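Quick one: the structure is below, questions incoming.
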Amino acid sequence: MALPISLRSKPLPIIHINGFPGTGKLTIAREVVKILQDHFAASKPGEQVKLVHNHLMINPADAVLHRTQPGYQRLRKALRDAVFSTLKSEAATFTTAYVFTDWQSGDDVGAEVCKDFQSVAHERGCDFIPIIITCDQTENIAQLRNSDRGF
């Protein structure tokens, strides 16, 4: 059984995997989740890991507004903030590591979103593990054309 949060040193981490579409974020995230699940099952019963694929956050916004419409980024931020608020304040989340996949560019919006992930981890009192995935351009194009990509 997991220790109560008051006896734990800190909540489990937030892992943020960022990379262009087609770089293998979801494949890598699934492997990270499997490794952590196996680790927790063997040595830390009661602790778990959850995958929050970027489309779980994008699709609700896309259902309401097109990505080019005014208000789209505000809606995306509101959805993220709702999830982040829970991760910061709800003790029931503290025995879970969260693996997020994402694609944020280096522009002001993307940089701000990445800072938000870091801030949430800080306010949650846990480690923040940022991972940036890259691959060769030729491989990336081939992956984008692959119909077996995981969404």
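Between Glu123 and Arg145, how high is the FRET efficiency from 1/(1 + (r/R0)^6) when r is the Cβ-Cβ distance and R₀ = 41 Å? Nearest 0.05.
Result of the calculation: an efficiency of 0.50.
Same structure, new question: Read phi for every residue in the range 74-87 and hand back ³J(HN,Hα) as whole Hz from Karplus 6.51 cos²θ - 1.76 cosθ + 1.60, θ = phi - 60°, with x for Gly and Pro.
5, 5, 4, 5, 4, 5, 4, 4, 5, 5, 4, 4, 5, 5
Of the listed values (1) 1.72; (2) 1.11; (3) 1.88, grab the one calculated as Cα Rg over 2.2 N^0.38 Å from the structure here.
Among (1) 1.72; (2) 1.11; (3) 1.88, the one derived from this structure is (2).
Read the figures in this text as sums done on the coordinates, not as results from a lab. Note that the structure is a prediction, hence the values are computed from the model and not measured. When we count neighbours, we look across all protein chains shown, and the Cβ atoms used for this are built from the backbone with ideal geometry, even at glycine.
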